Amino acid sequence: MTKGRIPDGPAVAAVAGLMGDPSRAAILTALLGGVARPAGELAKYARVSPSTASAHLARLVEGGLVRATTAGRHRYFALAGPQVARALEALALVAPPAPETGGKGDFELRRLRRGRTCYDHLAGALGVAVTEALVARGSLEPHGDAFEVTAEGEEWLGRLGVDAGRIRSGRRAFARACLDWSERRPHLAGALGAAITARFFEAGWLARVDGSRAVVPTSAGRRAFRRELGVVAD
């Protein structure tokens, strides 16, 4: 190896450069909720002009962090995959906390802390509470940075409408322990976390907040979370 040369490896600096721009970081954060959004909406999130947002999106697509899809005359943008969401969440863990300003942003931050989607699984205080309840009742067993589903857990998931066996046979990591940036405790991620969260939405337990990646329990959801898991969701 030539003296002074950095060893070959993943192009971390290139990805860091894409994420490091404040406007692109705002766009990526807006997409962290797992919902595809049009460029105009992302421009408002990033507080830039539509043309500037389009230029940033082109760079993010070229860099493999964002994918674009076309529906009729419209283009929608989403994170390229769960690996991008994991990288963003990891950065949030080491980033300094956002200062309170007394404005609208404080309300949104509190809402995100209570419940949000981390790409396609449940995070925030509600996500952590659900995970800890599943562990306490013996449905999940922690194993390092992952979880395993017990026999009791398989039965509960079946009643919920989630086929753990089918999910386990897929290519995606089955049940990861994802350290929550706001709670500093793990929530359930991976294919199982995504499937459970999808069922919560399908069953009407959770609702998305318009214009945000925050989620809130419905009245039916509050009853269900308490009945099924002993979780008080607000």
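The values are calculated or read from the model by the stated rules, or taken from the named source; none is laboratory data. Keep in mind that this is a model prediction, so the values were computed, not measured. FYI the Cβ positions are ideal-geometry reconstructions off the backbone, even for glycines, and counts take in every protein chain you see. We work out accessible area using only protein heavy atoms, side chains counted, and drop any ligands, DNA or RNA first. Shrake-Rupley method; radii C 1.70, N 1.55, O 1.52, S 1.80 Å.
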(message) Explain nothing, just the number: dipole magnitude of the chain about its Cα centre with +1 on each Lys and Arg Cβ and -1 on each Asp and Glu Cβ, in debye rounded to the nearest 20.
(response) 580
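So what is the calculated 222 nm ellipticity per residue for the chain, using -39500 (n - 2.57) for each DSSP H run with n of 4 or more, over all residues, to the nearest 500 deg cm²/dmol? The partial results should precede the final answer.
Values: 11 runs with 115 residues, N = 234.
Mean residue ellipticity, 222 nm, calculated: -14500 deg cm²/dmol.
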(message) Taking 8 Å as the Cα distance limit and 6 or more residues as the minimum spacing, I'd like the relative contact order of the stretch 192-234 as a percentage.
(response) 26
(request) Would you kindly state how much longer the chain becomes between R67 and A95 on full extension, computed as 0.36 nm times their sequence separation minus their alpha carbon distance, in nm to one decimal? (result) 7.5 nm
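Could you work out the relative contact order of the chain, using alpha carbon pairs under 8 angstrom and six or more residues apart, expressed as a whole percent?
Details: 323 pairs, mean separation 37.7, N = 234.
Reported as a whole number, the value is 16 percent.
Using a cut-off of 15 Å between beta-carbons, work out the net charge of the residues near T69 (Lys and Arg +1, Asp and Glu -1, T69 not included). Show your work: numbers first, answer last.
Values: positive: R37, R67, R73, R75; negative: E41.
Counting the neighbours of T69, the net charge comes to +3.
Work through the residues other than L57 whose Cβ is under 14 Å from its Cβ and net out their charges, Lys, Arg +1 and Asp, Glu -1. Present the calculation step by step, with values, prior to reporting the outcome.
Working: positive: R24, R37, K44, R59, R67, R75; negative: D21, E41, E62.
Cβ neighbours under 14 Å give a net charge of +3.
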(message) Would you report the distance distribution of C-alpha pairs in the stretch 32-153 as whole percents per 5 angstrom bin, up to the bin with the largest distance?
(response) 2, 9, 13, 18, 19, 15, 10, 8, 5, 2, 0
(request) Quick one: accessible surface of V215, probe radius 1.4 Å, all protein chains present, in square angstrom to the nearest 10. (result) 10
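How high is the FRET efficiency between R222 and L109 when r is their beta carbon distance and R₀ equals 30 Å, given to the nearest 0.05?
On the way: r = 22 Å, r/R0 = 0.74.
Between R222 and L109 the formula returns 0.85.
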(message) Check which residues have an amide H placed less than 5 Å from A207's amide H, if you skip close sequence neighbours.
(response) V216, T218
(request) Would you mind calculating the gained length between A133 and A58 on full extension (0.36 nm times residue separation, minus the Cα-Cα distance), in nm to one decimal? (result) 22.8 nm
(request) Would you mind working out the accessible area per residue for the stretch 66-206, using a 1.4 Å probe, and quoting it in Å²? (result) 50
(request) Using only the C-alpha atoms of the chain, find the volume of their convex hull and express it per residue in Å³. (result) 170
(message) Quick check: net charge around V128, other residues with Cβ under 12 Å of its Cβ, Lys/Arg +1 and Asp/Glu -1?
(response) +2
